[in-house]
Every structure is written in structure tokens, then in C-alpha cells.
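What follows is a short report on a single structure.
The values are calculated or read from the model by the stated rules, or taken from the named source; none is laboratory data. Just so it is clear, the structure is predicted and the values come from calculations on it, not from any experiment. No Cβ is skipped: glycine too gets one built from the backbone with ideal geometry, and neighbour counts run over all protein chains shown.
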Amino acid sequence: MKKTLTSIPVQDQARALAFYTEKLGFEKKEDIPMGEHRWLTVISPEGVTGVELLLEPLGFEPAKDYYKSLYEAGIPATQFESEDLDREIEALKARGVVFRGEAQEMDGAKFISFEDTCGNLICLVEKKTEGGT
């Protein structure tokens, strides 16, 4: 068994697609109309082959409350990984990505959160290896 799909709830699929492709560098994989919404996935050119991120419309009221609460509490909805966090932060800032605070280090990892413009915070992390960076 393997994982091939994960989802992130978004308030606006068109805005999410623009953010995840233009700002983060993901590539659109699937875009299939489904009523008023779309089956809309993106992939990371640096990620594991075959794993897609579904930009899922946030339409279920209890879920809206839950993700709003996460956002307001500063809790990321998901996490992405970078091999060089400092370089990644600078590149993303140049593309207009808004970060929350400064990068922090804890338990062998360096991390920072940013806003995805669609109601979520995303944690960006660089895992440190033993004996170096």
C-alpha cells in the first residue's frame, strides 16, 4: 500500500491553484470539473513521484470552523519540506509569500510557517541530519 493523494482544504480553488503554482512552484496535474467545484490536484517537481496534493473546496460548515480555528491559533494545516530552508524562504519572499515570524529550530529541525492565501498556514521545515545540516 502507498499514499498517492493528500488534500488541503481551500476557500477558493482558482486562487489556490494560482498560489500553489505561481508562488510555490507546484505543477497542475488534474483539473476535472465536478459540479460547481473541480477535482484539482498539483504535484511538486521536487516531491515523491506519484504523490498529488488535492486543492479541496472547503464547503462543509464544521470543517470551515475547524480550519478557521487552526489558522487563528497559528497551527499549520500541513507541512512541506525543504533541503535548504534559508534559500527557500528568500525565494518565496521574493514571490510575495507572507511568513509568520522568523525561522525556529527545535529537535533537529528548522521551520517556519507561511500563509497560503486560502485560509491555511503551511509549515515549511528543513530536517537536520546527524553530524551536520
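Tabulated data for the structure shown
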| quantity | calculated |
| --- | --- |
| Residue that is nearest to Ala16 (Cα to Cα), among those in region 30-75 that are surrounded by fewer than 10 Cβ atoms within 10 Å (Cβ to Cβ), in contact with a Phe, Trp or Tyr (Cβ under 9 Å, 6 or more places away or on another chain) and not aliphatic (A, V, I, L, M) | Pro33 |
| Which numbered condition Phe19 fails, given (1) surrounded by 15 or more Cβ atoms within 10 Å (Cβ to Cβ); (2) modelled with pLDDT under 95 | (2) |
| Meets criteria (in contact with a helix residue (DSSP H, G or I) (Cβ under 7 Å, 6 or more places away or on another chain) and either loosely packed, with under 12 Cβ neighbours inside 10 Å or not in a strand (DSSP E or B) (or both)) for Thr117 | yes |
| Residue check, Lys128 in contact with an Asp or Glu (Cβ under 6 Å, 6 or more places away or on another chain) and farther than 16 Å from Gln11 by Cα | no |
| Hits in region 76-113 - residues which are exposed (fewer than 13 other Cβ atoms within 10 Å of the Cβ), at negative phi and either in contact with a helix residue (DSSP H, G or I) (Cβ under 6 Å, 6 or more places away or on another chain) or in contact (Cβ under 8 Å) with a residue 60 or more places away in the chain (or both) | Arg95 |
| Near pairs, Cβ below 8 angstrom, 6+ apart or cross-chain, from region 43-66 (at positive phi) to any residue that is not in a strand (DSSP E or B) | Gly50/Lys2; Gly50/Thr4 |
| Residue tally, condition more than 14 Å from the chain's Cα centre (by Cα) and within 22 Å of Tyr66 (Cβ to Cβ), over region 4-38 | 3 |
